[in-house]
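The numbers here are math on the coordinates, done by the rules we state, and not lab data. A quick note: this is a predicted structure, and the numbers were derived from the prediction, not measured. In this analysis, Cβ positions are derived from the backbone assuming ideal geometry, glycine residues included, and neighbour counts consider all displayed protein chains.
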Amino acid sequence: MRPLQGVGAAFQSDREAQAGGEMHVLSLLSTAMFKVDIDGVSASISDLFPDWTTLDRFGVVIDEPFGGIGASHLIQSAMMAYYDAKPSRRTSLTVYPEVYAFHVGKGYGAHAPYDFWPARREVILKTSDPREVLDAINDRGITRIAIPDRPQRDVIHRPKEAEAALDRIASAYVYGAGGRVQNPDVWIEGVDRRTEYNAMQTLRPLRKDKVSKPASTANRPIKEADDDYQKWLVERDADVTSAQRAASSATRNALLQNGLARESYRRVGIKEAIRRLASAGLTG
């Protein structure tokens, strides 16, 4: 598998990044590392997620191998909104962001390097039944949702589940696993190569014979030092084949210019998002 190009230049070595605890998004990324355009006009993360509050929760639905990588900048921008809403989350609390990945039908490779951690935040659904998927989203109180670009389909959900989602979810976005969608109205560009670090770590083949486990530093625990995190990576490694990993890596490489990615998205209404959610896992 060809590694993601240009990303490594942002770090003298993976070992240095780990020694500094750089895998924790709160210390790795900042709002200034993302350039947002909405409807052809320069915008901000706060424009992307209007009226974000301290209680917002972001979810991404995944239905193909490493599909969430195509929504990297949207996921990471949501994390920035989470921390910006309450700066103490970066300092005194040092908590992981309230973000959730919903794998539809089966697991599609660990996305935990993006800080979908602890493991309960990476929800592996053993069914493609859209009623179960919406139930899981409602259970986690998701308020901002990213859906793969799938056809709209009518489904009769369990009583009041669709209504609950319509009442609670404030924003919905369509994304593509390759990082682009047709007829986009949102573009997000990374302007610092560290914005590709999580994608690089997610796509990297796992060496089961030598799993890297750095020590926590500065009295701040990091997930990479957690035995459960290492076990989760091993467990999820069986979700995908080496060929699928290589194909996803090649797709991401093709998107990069000078080590940076520019991704496109389409904002949709919540009703449309629920209708597209009904096809997740069926056409991936």
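I'd like to compare 151-161, 252-262: which one has the highest average count of other Cβ atoms within 10 Å, and what's the full order after that? Could you put the intermediate results ahead of the total?
On the way: 151-161: 12.2, 252-262: 16.6.
The densest-packed peptide leads the list: 252-262, 151-161.
Relative contact order of the chain: what whole-number percent is it, with Cα pairs under 8 angstrom and at least 6 residues apart? Let's see the in-between values first.
Values: 525 pairs, mean separation 86.4, N = 284.
It rounds to 30 percent for the chain.
Seen against the Cα atoms of the chain and their longest principal axis, helix 227-237 is set at about 60 degrees.
Of all beta bridges DSSP finds with both residues in the stretch 7-277, what is the antiparallel percent, to the nearest 5? Could the numbers behind the result be given before it?
Details: 18 of 34 bridges.
The answer is about 55 percent antiparallel.
Over the Cα atoms of the chain, the radius of gyration divided by the Kirkwood radius equals 0.94; this is the Rg/Rh ratio. Backbone N atoms of the stretch 29-55 closer than 15 Å to the 7 Å Cα→Cβ label point of Ala170 belong to residues 45-55. The angle between the Cα long axis of helix 72-85 and the longest principal axis of the Cα atoms of the chain comes to about 90 degrees, rounded to the nearest 10. Given the C-alpha centroids of the stretch 49-79 and the stretch 226-284, what is the distance between them in whole angstrom? When both Cα centres are located, 11 Å separates them.
Look at the Cα gyration tensor of the stretch 24-93: its axes a ≥ b ≥ c give a/c of at least 1.5 with a/b at or below b/c, and that counts as oblate.
Quick one: which of 124-134, 231-241 comes out on top by average Cβ neighbours within 10 Å, and what's the full order, highest first?
Numbers: 124-134: 17.5, 231-241: 15.6.
Per-residue Cβ counts within 10 Å, averaged per peptide and sorted highest first, yield 124-134, 231-241.
Only helices enter this figure: runs of n ≥ 4 DSSP H residues, each worth -39500 (n - 2.57), summed and divided by the residues of the chain, yield -8500 deg cm²/dmol at 222 nm to the nearest 500. In sequence order, the stretch 259-268 has phi-based couplings of x, 10, 10, 10, 10, 10, 9, 10, 6, 9 Hz under the Karplus curve 6.51 cos²θ - 1.76 cosθ + 1.60, θ = phi - 60°, and Gly or Pro positions carry x. The length gained on full extension between Arg131 and Ala254, counted as 0.36 nm times the residue separation minus their Cα-Cα distance, comes to 40.8 nm.
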